[in-house]
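What follows draws every value from the coordinates through simple rules; no lab data is involved. Being a predicted model, the structure only gives us computed values, none of them experimental. Ideal geometry is used to build each Cβ from the backbone, glycine not excepted, and the neighbour counts take in all protein chains shown.
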Amino acid sequence: MSIQIKAVLCGDIQENAYLAWAEGREDCVLIDPGDDLGRLKQALGGRKLAAILLTHGHFDHILSAGPLSVETGAPVYVSAEDVELLDDPVKNGLVGLMGVGEMPGPSIAPTLFGEALSVAGLDLQVLPTPGHSKGSVCLYLPGKGVLFSGDTLFRAGFGRMDLYGGDHRQMLASLKGLFALPPETRVYPGHGGSTTIGEERSHYRL
Ligand SMILES: [Zn+2]
């Protein structure tokens, strides 16, 4: 069964949300619903939202998670280490980057990721990749050769490490781990266009 992926560009920081579903199924997952509830709902169409998956807790990847979860009943998965960011506009960057001091409601009731997750016909591995935030994860579909890399790995770059919980050494270790994945793995990052592990690995001497 092949996977379908639809990128939805959201908000002032142009973050990528991704809808993903197994071909032939009516349900889907939504990864990193950013700051454009209207566009995300339009992209969903009539598809049933089975789960919302957060690669990390920064505001630009979570702002539509609360309202969509309340409206659809879909659980919101996040790593334990980034739960503290969800309701905290200082820690999640909303104050520092946008000058906004209050999170818009409703707040997110988080469900914690395990090491793997099977949902909407997709078998995901949850790879801990700290460095951009303490609890950053990448979502890997080994059978499909697909990686959702959040703000850890971008096309021609990687995530900043100067925000709350950022760590240079952890980022290096996380990138090394990702570069051990098959080179043909297609990478869907939290900002910018898609790439492959092989293409990105060629830029580094790790
Ligand atoms: Zn981020």
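One table, with the values for the structure above:
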read-out	value
Rounded to 5, percent antiparallel among DSSP beta bridges of region 3-201	65
For the chain: rounded, prolate or oblate by the Cα gyration tensor [a/c cutoff 1.5]	oblate
Region 115-176: trypsin sites (Lys or Arg not before Pro) falling in loop per DSSP and having at most 13 other Cβ within 10 Å	Arg160
Farthest toward positive dipole pole in the chain [+1 Lys/Arg, -1 Asp/Glu at C-beta], among Val90, Gly193, Met103	Gly193
Helical contribution to [θ] at 222 nm, DSSP H n ≥ 4, -39,500 (n - 2.57), averaged over the chain, rounded to 500	-5000 deg cm²/dmol
Where trypsin sites (Lys or Arg not before Pro) fall in DSSP loop in region 1-82, at most 16 other Cβ within 10 Å	Arg25, Arg47
DSSP-defined beta bridges in region 2-86 - what % are antiparallel, rounded to 5	60
Three-way shape label, region 107-206, alpha-carbon gyration tensor, a/c 1.5	oblate
Amide N of region 160-179 lying under 13 Å from the label point, which is placed 7 angstrom from the Cα of Asp88 along Cα→Cβ	164-166
Distant-in-sequence amide H partners of Tyr77 (H built 1.01 Å from N, under 5 Å)	Ile52, Leu53, Leu54, Thr111
